[in-house]
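Asks: What follows is a single structure, and I will ask about it in a moment.
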Amino acid sequence: MTAAEQSTPVHGVPCWVSLMTRNLRAAQDFYAAVLGWTFRSGTLGEGFSVAQAGTMPVAGIGQIAPGLPTATAWTPYFAVADVDATAARVRERGGTIAVGPIRLGPGRGAVAADREGAGFGFWEGRTPPWSIGRDGAPVSLDLRTSHAFDAAVFYAGVFGWDPLEPGGCEVGYAYEEDTVVVRQGGRTVATLRGGGDGASPDPRLRPRWHVRFPVDDLTAATGAAREAGGTASLPAVSPDDGPESVIGDRDGALFTVIARREAAAPE
């Protein structure tokens, strides 16, 4: 992607999702079979690729360097103006920095974990045009945590979520549901939900960021995942988005597929 095709996202807004995997080609084959993605080289060098849904950039998939003890997981990235200052705020608020800050291609990034161990990243620089819930981007990013309000305090402090900041993110809290909704420009860009259990043996229940990708046929996607060597849960109904299933790829990285909603008929 050329510089002209990239943009500088708003500070604090989710700007990308990425998967680090042990076998890049095997991962590409898996996601092509399950989600119909195609792949092209990116700007981060050899071992990184950009997944596309049609012509739209969806996500990044990269090869883990041999011997590097990095977990295979889908990681959301948030745009920041200064990656070093953001890393300092993560540490000040009890989080940890796993990788970086380091320079990667046209920008600088880092991978961190919040106070409950949920992994996330942040990026300083330009990115492909990408927006939650639009075009090829995931339909949603959801954090499962033990207490949504405490998590919101952490992330608001790290990323400067402030409804008074022009163009920035605003945060709303539903006390009865223990849910925090993060909006930017009137659109929901992230949801923080309570109910996570750090001691659960089920990785789906432990604190982590859930990435949801839309599919036209949920049954076909889960069947393809199993045939390609992954796992898929029985479909369940999301309170917000409809039928969905949690899929684990060949390396165990979890993501969610959700049945794409049909566009409303014009009145």
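Asks: Return the only residue of G119, G133, G125 being among the small types (G, A, S), farther than 19 Å from R89 by Cα and open to solvent by 10 Å² or more (accessible area, probe 1.4 Å).
Replies: Answer to the check: G133.
Every residue, every condition in (1) within 17 Å of L141 (Cβ to Cβ); (2) aliphatic (A, V, I, L, M); (3) exposed (fewer than 15 other Cβ atoms within 10 Å of the Cβ), yes or no:
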residue	(1), (2), (3)
G195	yes, no, yes
P203	no, no, yes
T219	no, no, yes
A232	no, yes, no
I247	yes, yes, no
D251	no, no, no
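Asks: I would also like to ask the following. Six or more apart or on different chains, Cβ atoms under 6 Å: show the pairs whose first residue is in the stretch 213-236 and closer than 20 Å to A51 by Cα and touching a residue at least 60 places away in the same chain (Cβ under 8 Å) and whose second is of a type in the set (D, E) and open to solvent by less than 80 Å² (accessible area, probe 1.4 Å).
Replies: G230/D249
Asks: Could you grab me the full set of residues in the stretch 222-246 that are closer than 18 Å to N23 by Cα and either at pLDDT below 90 or under 21 Å from the mean Cα position of the chain (by Cα) (or both)?
Replies: Within the stretch 222-246, A225, G230, T231 qualify.
Asks: Then there is this: Could you go through the stretch 65-73 and let me know if any residue there is over 25 Å from R212 (Cβ atoms), open to solvent by 50 Å² or more (accessible area, probe 1.4 Å) and not in a loop (DSSP other than H, G, I, E, B).
Replies: No.
Asks: Right, another one. Quick check on the stretch 90-97. Is at least one of its residues in contact with a helix residue (DSSP H, G or I) (Cβ under 6 Å, 6 or more places away or on another chain) and farther than 20 Å from V153 by Cα?
Replies: For the stretch 90-97, residues in contact with a helix residue (DSSP H, G or I) (Cβ under 6 Å, 6 or more places away or on another chain) and farther than 20 Å from V153 by Cα: absent.
Asks: A further question on this structure: Looking at the stretch 157-213 only, could you name the residues that are at pLDDT below 80, in a strand (DSSP E or B) and more than 25 Å from T86 (Cα to Cα)?
Replies: Listed by number, the list holds a single entry, A174.
Asks: Now, a different point. Do we have F154 as buried (at least 16 other Cβ atoms within 10 Å of the Cβ), modelled with pLDDT of 95 or more and within 21 Å of the chain's Cα centre (by Cα) here?
Replies: Yes: the conditions hold for F154.
Rundown of residues vs (1) on the phi < 0 side of the Ramachandran plot; (2) touching a residue at least 40 places away in the same chain (Cβ under 8 Å); (3) not in a helix (DSSP H, G or I), yes/no style:
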{"position": "R25", "(1), (2), (3)": "yes, no, no"}
{"position": "D29", "(1), (2), (3)": "yes, yes, no"}
{"position": "D84", "(1), (2), (3)": "yes, no, no"}
{"position": "F120", "(1), (2), (3)": "yes, yes, yes"}
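Asks: Could you go through the stretch 114-134 and let me know if any residue there is modelled with pLDDT under 90 and over 26 Å from G100 (Cβ atoms).
Replies: Yes; the residues of the stretch 114-134 include at least one that is modelled with pLDDT under 90 and over 26 Å from G100 (Cβ atoms).
Asks: Also: Return a yes/no flag: does the stretch 44-59 have any residue that is in a strand (DSSP E or B), touching a Pro at 6+ places or on another chain (Cβ under 6 Å) and within 27 Å of L205 (Cβ to Cβ).
Replies: no
Asks: Further, regarding this structure: From R91, R108, which residue is open to solvent by less than 60 Å² (accessible area, probe 1.4 Å), basic (K, R) and either at negative phi or not in a strand (DSSP E or B) (or both)?
Replies: Just one listed residue meets the conditions, R108.
Asks: Let me ask another. So which residues in the stretch 20-36 are open to solvent by less than 20 Å² (accessible area, probe 1.4 Å) and modelled with pLDDT of 95 or more?
Replies: Scanning the stretch 20-36 gives A27, F30, Y31, V34.
Asks: Ok, one more. Exactly one of (1) open to solvent by 40 Å² or more (accessible area, probe 1.4 Å); (2) modelled with pLDDT of 95 or more; (3) among the small types (G, A, S) is unmet by A53. Its number?
Replies: A53 satisfies every listed condition except (2).
The values are calculated or read from the model by the stated rules, or taken from the named source; none is laboratory data. Keep in mind that what you see is a predicted model, and the values were worked out from it rather than measured. Every residue, glycine as well, gets a Cβ built from its backbone with ideal geometry; the counts of neighbours run over all protein chains shown. Just the protein is used for accessible areas: all its heavy atoms, side chains included, with ligands, DNA and RNA removed. Shrake-Rupley method; radii C 1.70, N 1.55, O 1.52, S 1.80 Å.
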